[in-house]
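Data block below; observations after.
The values are calculated or read from the model by the stated rules, or taken from the named source; none is laboratory data. All values reported here derive from a predicted model rather than from experimental measurement. Quick reminder, even Gly has a Cβ in these numbers, built from the backbone with ideal geometry, and neighbours come from all protein chains shown. Side chains are part of the model used for accessible areas, which takes the heavy atoms of the whole protein and leaves out ligands, DNA and RNA. Shrake-Rupley method; radii C 1.70, N 1.55, O 1.52, S 1.80 Å.
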Amino acid sequence: MPQKKIIIDTDPGQDDAVAILLALASPDELDVLGITSVAGNVPLELTSKNARIVCELAGRKDLLVFAGCEFPIIRPLITAEHVHGKTGLDGPTLPEPKMPLQEMNGVDFIIETLKVHESNSITLCCLGPLTNIAVAFKREPEIVSKLKEIVMMAGAYFEVGNITPTAEFNVYVDPEAAQIVLNSPVKKTLLPLDVTHKILVTRDKIQAFRNLASPVGEAVSDMLEFSERFDRQKYGTDAAPLHDPSVIAYLLEPNLFSGKFVNVEIETESQLTLGMTVADWWGVSCRKANATFIGNVDSRGFFDLLTERLSKL
Ligand code: BDR
Ligand code: CA
């Protein structure tokens, strides 16, 4: 598989952290040009710091991390400390990062990077609210042609919502941004809750990461042990969903996933269903398909891939 050039846009978050580690453990397939942080699970200062903590955990102090937008486009920020803890990365005790945060703003980095690359050459991997991407597209619409595709953890259809009864967190935090991205003329793939609710972390899986007997294995186990406790209670099960690594796994092994090319629109007005991803799964509207909406995953294949890659760090 030819190496893909990617930018990771993220709000770490324990599951974002595992996604970043999966990408950094896959240098043959993925060339990480930079990481842009966005406000989401916790405020921007913390997501920017957490992204660097994760890079250092992976032994990649050389990576470039840029802080992007502090707030959603028009709404106040909603965070998820109730899931991810006060720091956003509660669980393990990890050292303060030594690598610097880049001076350039994350949105500028996205714009400048796309400008100097060829058409159809860069993949955006979006693991948080889509604010940075939407702001970049609004500011410099012509950069969209430089993208090969956007793969994002966003939305839900059959699984409906996790932050409200009808909305998935990343879309709910900045629905206007999500709508701008979905309207953009580029190939888009959504990994929604319909997929991530099939990627269940059991205690055995947490133990398998611990059995890697490495600092990364330990940290991943401690992170997931922390963040998944909330979902176990919420769903009343012994296992909890793992969200963001699905984006990176999709790039590495697309055959593990299946979905449909459908129309997806975002509810941006209703108070009751704000942030809902209205996916026309059955093709009952006349609206034009605009995104691939993934619906299924080979969960065992996913965990085999994740465990094997993490063992390399
Ligand atoms: C998404 O919301 C965040 O809490 C996770 O990091 C993930 O990106 C799941 O809805
Ligand atoms: Ca995230």
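Quick look at the numbers
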{"item": "Gap separating the Cα centres of the stretch 117-177 and the stretch 178-205, nearest whole Å", "result": "10"}
{"item": "222 nm mean residue ellipticity, helices alone, for the chain (DSSP H n ≥ 4; -39,500 (n - 2.57); rounded to 500)", "result": "-10500 deg cm²/dmol"}
{"item": "Mean shadow area of the chain over all directions, Cα convex hull, nm²", "result": "14.6"}
{"item": "Furthest towards positive pole of dipole, ASN290, GLY128, GLN233, structure part the stretch 4-310, Cβ charges", "result": "ASN290"}
{"item": "Most to least packed among 58-66, 277-285 [average Cβ atoms within 10 Å]", "result": "58-66, 277-285"}
{"item": "Across LYS198/LYS312; LYS86/LYS148; LYS148/LYS260, pairs whose alpha-carbon gap is larger than 28 Å", "result": "LYS86/LYS148"}
{"item": "Whole-Å distance, taken between Cα centres, linking the stretch 48-76 and the stretch 237-311", "result": "23"}
{"item": "Portion, in percent, of the accessible area of the chain that falls on carbon or sulfur, probe 1.4 Å", "result": "52"}
{"item": "Charged-residue dipole, Cβ positions (Lys, Arg, Asp, Glu), the chain about Cα centre, Debye nearest 20", "result": "340"}
{"item": "Protection proxy ranking, peptides 154-163, 300-309, average beta carbon neighbours within 10 Å, highest first", "result": "154-163, 300-309"}
{"item": "Residue-normalised accessible area of the chain, given per residue in Å² at a 1.4 Å probe", "result": "40"}
{"item": "Evaluated at q = 0.15, 0.19 Å⁻¹: base-10 log I(q)/I(0), Debye formula over Cα of the stretch 128-266", "result": "-0.83, -1.16"}
{"item": "Kirkwood hydrodynamic radius over Cα pairs of the stretch 111-209, then Stokes diffusion coefficient at 4 °C and 1.567 mPa s, in µm²/s", "result": "88"}
{"item": "Compactness index (Cα Rg / 2.2 N^0.38 Å), the stretch 97-168", "result": "1.34"}
{"item": "Debye-sum result for the stretch 31-94 in log10 I(q)/I(0), which assumes one identical scatterer on each alpha carbon, at q = 0.18, 0.21, 0.28 Å⁻¹", "result": "-0.68, -0.86, -1.19"}
{"item": "Overall Cα dimensions of the stretch 1-129, principal axis frame, Å, largest first", "result": "41, 35, 25"}
{"item": "Sequence ranges 170-176, 96-102, 115-121, ranked by mean other-Cβ count within 10 angstrom, highest first", "result": "170-176, 96-102, 115-121"}
